[in-house]
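Participant: Structure in structure tokens, see below.
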Amino acid sequence: MSAPGLAVVRSVAELRRRVAAWRAAGDTIGLVPTMGALHAGHLALVAAARERCRRTVVSIFVNPKQFGPCEDFATYPRPETADFAKLSATSAELAFVPSIDEMYPEGFSTAINVSGIGEGLCDAHRPGHFDGVATVVAKLLIQTAPDAAFFGEKDYQQLMVVRRMARDLDLPVEIVGVPTVREPDGLALSSRNAYLSADERRLAPHLNRALREAAAEITGGAAPAPVLERAISALTDRGLRVEYLELRDAATLAPVASRAARPARLLAAVHLGRTRLIDNLPVPPPAPSRS
Ligand code: PAF
């Protein structure tokens, strides 16, 4: 199926043929990897790709390798027709929508593991998740050979894992992080927000609120540990089950116990009913003293 102005391509061979034609014409190429169920956050990635590159490829693939056995792979939303309609209204030229067999033919045996930055935080609660992400993103980058690939900062650890992987494997691509798009009440956009009941939706913005308050206190000079403890208690009291809420170095994701002269990142994951929400915010380093 194709939508007006948007080519829908389902095989790696056809993707390569089209990308090669663009390359021959001297065009630059941006890749926006997604799992579909597109929202304004994804469209911001497409807009960022268009700013830097002449052509934009959006991949839509619900990647089984990044879901745990008890996670929502089977029920993850797959509104293909609506996604094509949304992309048709953007500047993207091509949707790459491979099947599972196209991505992982019989006998597929390779996995990419990014140690260090890919450990702890989400990985501690979703073991193997980042191996699945790194493996599929490496394949998409090799298949498309883009100049730049665009990822949302909402999945901050994912962005860092992909950046590390691309560097370590000498993939000639720029990995671009795009700021999180939020609802007016602060909730970060996510395809999984569709799972929230009306009551849960009312509670969900507390995650961002707790992060904003904690980030402001730490930026103001408060010691991180008690601030984080208070934020966790406040969320728990409202019925959000906190998986983690931590202050990490923004570049290495190493734990930060006291505010140092380097940018930090406050990252959290919570459960609200059956929905897992993640969010993160920057915590800038202290301004240099004038004395
Ligand atoms: O962030 C996502 O939607 C996915 O993890 C990604 C990067 C498309 C890989 O499947």
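The values are calculated or read from the model by the stated rules, or taken from the named source; none is laboratory data. All figures in this text were calculated on a predicted structure; none of them were measured in a lab. Don't worry about glycine lacking a Cβ; one is built from the backbone with ideal geometry, like all the others, and counts go over all protein chains shown. Side chains are part of the model used for accessible areas, which takes the heavy atoms of the whole protein and leaves out ligands, DNA and RNA. Shrake-Rupley method; radii C 1.70, N 1.55, O 1.52, S 1.80 Å.
Participant: Could you tell me which of the residues 117, 100 is buried (at least 19 other Cβ atoms within 10 Å of the Cβ) and either over 27 Å from residue 277 (Cα atoms) or not hydroxyl-bearing (Ser, Thr, Tyr) (or both)?
Facilitator: 117
Participant: While we're on this one: Report, by residue number, each residue of the stretch 153-177 that is open to solvent by less than 20 Å² (accessible area, probe 1.4 Å), within 12 Å of the ligand (Cβ to nearest atom) and closer than 20 Å to residue 189 by Cα.
Facilitator: 156, 157, 159
Participant: To continue, here is another question. Please determine, by comparing only the residues of the stretch 181-200 that are more than 21 Å from residue 43 (Cβ to Cβ) and part of a helix (DSSP H, G or I), which one is most open to solvent (accessible area, probe 1.4 Å).
Facilitator: That would be 199.
Participant: Could you run through the stretch 127-152 and say how many residues are more than 11 Å from the ligand (Cβ to nearest atom) and not aliphatic (A, V, I, L, M)?
Facilitator: Count: 7.
Participant: A follow-up question, please. Quick check: is even one residue across the stretch 130-149 of a type in the set (Phe, Trp, Tyr), buried (at least 21 other Cβ atoms within 10 Å of the Cβ) and in contact (Cβ under 8 Å) with a residue 12 or more places away in the chain?
Facilitator: Yes: one or more hits.
Participant: Now a separate question. Just checking, which of 89, 95, 85 is within 23 Å of residue 143 (Cβ to Cβ) and away from the ligand (no atom under 12 Å from the Cβ)?
Facilitator: 95
Participant: I'm trying to understand the selection: among the residues of the stretch 149-175, which are more than 17 Å from the chain's Cα centre (by Cα) and assigned to a helix (DSSP H, G or I)?
Facilitator: Within the stretch 149-175, 167, 168 meet the criteria.
Participant: Regarding the stretch 112-124, can at least one residue be identified that is within 12 Å of the ligand (Cβ to nearest atom) and not hydrophobic (A, V, I, L, M, F, W, C)?
Facilitator: no
Participant: Scan the stretch 6-23 residue by residue and report those that are open to solvent by 50 Å² or more (accessible area, probe 1.4 Å) and under 15 Å from residue 55 (Cα atoms).
Facilitator: 16, 17, 18, 20, 21, 23
Participant: Kindly indicate which of 253, 277 is in contact with a helix residue (DSSP H, G or I) (Cβ under 7 Å, 6 or more places away or on another chain), under 30 Å from residue 149 (Cβ atoms) and assigned to a loop (DSSP other than H, G, I, E, B). I'd like the intermediate steps shown before the answer.
Facilitator: Values: 277 fails: assigned to a loop (DSSP other than H, G, I, E, B).
Unique residue meeting the criteria: 253.
Participant: Cβ-Cβ distance below 6 Å, separation of 6 or more or different chains: which pairs start in the stretch 173-187 with a residue that is among the β-branched types (Val, Ile, Thr) and end on one that is part of a loop (DSSP other than H, G, I, E, B) and buried (at least 19 other Cβ atoms within 10 Å of the Cβ)?
Facilitator: 173/146
Participant: For the stretch 13-56, how many residues are more than 16 Å from the ligand (Cβ to nearest atom) and part of a helix (DSSP H, G or I)?
Facilitator: Number satisfying all stated conditions: 15.
Participant: Then there is this: Determine, yes or no, whether residue 78 is touching a strand residue (DSSP E or B) at 6+ places or on another chain (Cβ under 9 Å), more than 27 Å from residue 193 (Cα to Cα) and among the charged types (D, E, K, R).
Facilitator: No.
Participant: Which members of the stretch 113-148 meet the condition of being touching a Cys at 6+ places or on another chain (Cβ under 7 Å) and in a helix (DSSP H, G or I)?
Facilitator: Across the stretch 113-148, the qualifying residue is only 129.
Participant: Within the stretch 207-227, can you find the residues that are small (Gly, Ala, Ser) and within 16 Å of residue 280 (Cβ to Cβ)? Even if it seems obvious, please write down each step before you answer.
Facilitator: Taking the stretch 207-227 and keeping what is small (Gly, Ala, Ser), we get 210, 214-216, 220-223, 225.
Selection gives 210, 214, 215, 216.
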